[in-house]
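First the structure, in the form of structure tokens, and then the observations on it.
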Amino acid sequence: MKRDAPRILTLNGGSSSIRFAIYRAGKTPECALRGRLDRIGSSRPSLVATDSAGGEQVRRLSGRRAPEEFLLDWLEAQPVFASVQTVGHRVVHGLRHFEPERVTPRLLAGLKRLTPYDPEHLPREIGLMETFRRRHPRLIQVACFDTAFHRGMPRVARMLAIPRRYAAQGVERYGFHGLSYAYLREELARLDPAAARGRVILAHLGNGASLTAMRGGQSIDTSMGFTPAAGLMMGTRSGDLDPGLFSFLVRSERMAPPQFDRMVNHESGLLGVSGTSGDMRDLLARETRDARAADAVALFCYQARKWIGAYAAALGGLDTLVFAGGIGENAPVIRQRICAGLGFLGITLHRGHNAENAPLISAAAGRVKVRVIRTDEELMIARSVGRLLHLGRIKP
């Protein structure tokens, strides 16, 4: 094109938020606008956006307007939206979808059938696709599946120890945070190609948290399983639980499945243990005077340390540990507590570098390289869309 390359709009719809960004297509997508529609379902949802010049806009969603409609109304009012030709969506659960795909009526119908696999995320993601399809039918939409990164896990890592008949229904361990892990893999390969081919643990630690063991650039195991509620405790999710707990709560409290589902996804994790907040920043600020906050922080670090030990065993050793996500990128004290006692694996942090959130935080004497890499799921969506539609060939 002689004038300007088309734009790619990326949408990352969660259970309580929608993150978005607009990129200029090309071999290296350039972000022109990014933001987040947050606190969906609360009394005061808000939209915060920042353009490439650093200018910020804040809007409040009022009335009964659907979040998807509100977001699209706002986007349409932005001058850069006129050049958007493609919309890329993060789709948390893709079952057997292993590559980015164009959104078609057939794909939408298939995703609706998958809603029972992920009732927390899929309805909003499908709603975004349908909203754009109705209001902008000429826009090409592409679905990028979060489970795709883990598609090559060994069979033993995907199996669940339940009757085999359920496997035929697709009941197995899928793993999630795949777009984040794909981005981290690419960044690690750019920084240290040899390390990316070695034995790596990627720790995406945020409100949603998981770890992945990677060897030869491929996922061999990951902490989230059939649903994103499995594995490590998170902001409001429980992580792994004794399955007998459900039977106990049914008998003792007459708890119904929807109540249990809400408990493990929205009332547990850091929030459940602390009783006050699912935000690690709040808990660190309170831990010296609030024993429950201290318990929540300690349990999170303890569980993350156990997963690192388990994955070092699965990998047969460890060469590189990568921290990412809101907690992993910005909480030096959490990284330090997670790594404490892991010297036997060759993990030793450099105190000053860790305090500064430096890209490389391991001590020179440590055998394992420990890195902090800022993940970017939206950029990974833009890259995936560009590759599928060959937009990288477009020159300014």
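FYI, it's all coordinate maths here, none of it is from the lab. Not measured: the values here are computed from a predicted model. Note: ideal-geometry Cβ built from the backbone for every residue, glycine included; neighbour counts use all protein chains shown.
Ellipticity at 222 nm from helices only: DSSP H runs of n ≥ 4 in the chain, each -39500 (n - 2.57), divided by the residue count, give -10500 deg cm²/dmol. In this structure, the amide hydrogen of Phe176, modeled 1.01 Å from its nitrogen in the peptide plane, lies closer than 5 angstrom to those of Met224, counting only residues at least 5 positions away or on a different chain.
Scanning residues 5 or more positions from Ala363 or on other chains, those with amide H under 5 Å from its amide H are Thr348, Leu349, His350, with H placed 1.01 Å from N in the peptide plane. Here the Karplus relation 6.51 cos²θ - 1.76 cosθ + 1.60, evaluated at θ = phi - 60°, turns the backbone of the stretch 238-251 into coupling constants of 6, x, 4, 9, 5, x, x, 4, 5, 4, 4, 6, 4, 6 Hz, with x for every Gly and Pro. For Gly88, nonlocal amide neighbours, meaning residues 5 or more places apart or on other chains whose placed amide H falls under 5 Å from its own, are Leu9, Thr10, Leu11, Val142. When only the Cβ of Lys, Arg, Asp and Glu is charged (+1, +1, -1, -1), the dipole of the chain relative to its Cα centre reaches about 920 debye.
Find the percent of Cα-Cα distances in the stretch 7-145 that exceed 23 Å, and round it to a whole number. Don't skip to the answer; put the middle values down first.
Working: 3113 of 9591 pairs.
Pairs farther apart than 23 Å: 32 percent.
Principal semi-axes of the equivalent ellipsoid, √(5λ) from the alpha carbon gyration tensor of the stretch 163-204, are 31, 11, 8 Å from largest down.
The residues neighbouring Phe248, those whose beta-carbon lies less than 15 Å from its own, together hold a net charge of 0 under the Lys/Arg +1, Asp/Glu -1 convention. Applied to the stretch 114-121, the Karplus parametrisation 6.51 cos²θ - 1.76 cosθ + 1.60 on θ = phi - 60° returns per-residue 3J(HN,Hα) values of 8, 3, x, 6, 8, x, 6, 10 Hz, with x for Gly and Pro. Shown here: the stretch 191-372, whose C-alpha atoms stretch 55, 38, 25 Å along the first, second and third principal axes, sorted largest to smallest. Among the trypsin sites (Lys or Arg not before Pro) in the stretch 237-268, those located in a DSSP loop and surrounded by at most 10 other Cβ atoms within 10 Å of their own Cβ are Arg254.
Over the chain, what is the relative contact order in percent, taking alpha-carbon pairs closer than 8 angstrom and at least six residues apart? Could you put the intermediate results ahead of the total?
Numbers: 779 pairs, mean separation 64.2, N = 396.
Dividing the mean separation by the residue count of the chain yields 16 percent.
To check you understand DSSP bridge types, tell me what percent of the beta bridges within the chain (both residues inside) are antiparallel, rounded to 5. If you can, show how the numbers build up before the last one.
Working: 40 of 60 bridges.
Rounded to the nearest five, the antiparallel share is 65 percent.
Over all Cα atoms in the chain, the spread is summed up by Rg and Dmax: 21.1, 69 Å. Rounded to whole numbers, the Karplus 3J(HN,Hα) couplings from phi for the stretch 123-137 are x, 5, 5, 5, x, 5, 4, 5, 4, 5, 5, 6, 8, 9, x Hz, using 6.51 cos²θ - 1.76 cosθ + 1.60 with θ = phi - 60°, and x at Gly and Pro.
The Rg/Rh ratio for the stretch 191-276, using Cα coordinates for both the radius of gyration and the Kirkwood hydrodynamic radius, is 1.14. Sorted on the mean count of surrounding Cβ atoms within 10 Å across their residues, most packed first, peptides 142-151, 188-197, 225-234 read 142-151, 225-234, 188-197. The label point for Arg367 and the one for Asp51, both projected 7 Å from the Cα toward the Cβ, are 5.4 nm apart.
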